[in-house]
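Structure first, commentary second.
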Amino acid sequence: MKARITACIDGSVISSAVADAAAWSSRLLDAPVKLLHVLEKSISPATEDLSGAIGLGSREHLLAELTELDERRNKLAVEHGKHILEAARQRCSDHGATHVEVEQRHDHLLDALLECEADTRLYVVGRLGEDHSLEKQVIGSHIENVVRAIHTPILMATEPFHAPGNYMLAYDGSKTADAAIERISTSPLLANIPGHIVMVGDDSADHRQQLERVCGILSGQGHSVQPHLIQGKVIDALMAFQQEHGIELKVMGAYGHSRIREFLVGSNTSRMLAASTVPVLILR
């Protein structure tokens, strides 16, 4: 079984929420936490490119100064990252995480996450990155790529994070959705949280039977859940349901080839995640 929770820490305002969400998950899953700080590969021109751009006859001290500046910036980024990780490690420990380790590396974020996926049972990321403040309708620039590529569950934290008192799960009746129900039913993460299983579709006997069946699976494992069959455009209907019922955690998945899959793997991914004011647990 994948044992570790891998949390992405980048020094943005959302990092505290990521640490809190990782600690919450750690307590419920009884799993260790790895706090990962990825220093993206430098976007500054390589020194050999600079020397070519400066050209013969230019003053060599300019190249030396640029190289020194780049080296100093990288060194400061490493030191800053260490302080960020230590603060997050302390916060996780203070909030009850079972075991916390830290890692800093130079890499592309997605590559780093893919490399450690075999040892990860849950990723925790922030809705915003360090390039953004707490802007509304904005998600971190890497989130959509991560959601598309990673097959391990991802918890997207929002600021501030607090232990959710309920959750809603968007269900569409597909085989992949049923697999998600099975996964949730046997996981301690949501076991003691009241849940709302929500299907967006026509009010038909078939849809109601599907909802009753999956709610029975969850109830059989001790979950307290309620079925809901609602109508409308998927995103708008789910967002309205969240507001009406005071939902504190959304559980979504890329399910089959349904309308839900279209917005989780298609062009509406960013809209749904950016619009969320509560954490989102993404299942693939």
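The values are calculated or read from the model by the stated rules, or taken from the named source; none is laboratory data. Because the structure is a prediction, the values reported are computed rather than measured. Here the Cβ positions follow ideal geometry from the backbone for every residue, glycine too, while neighbour counts run over all protein chains shown.
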Among LEU122, LEU128, LEU114, LEU155, the single one that is surrounded by fewer than 23 Cβ atoms within 10 Å (Cβ to Cβ) and modelled with pLDDT of 60 or more is LEU114
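Name the helices (runs of 4 or more DSSP H) wholly inside segment 168-251 in which the number of residues that are at pLDDT 95 or above is 2 or more.
Details: elements: 175-186, 205-220, 234-245.
Those helices (runs of 4 or more DSSP H) span 205-220, 234-245.
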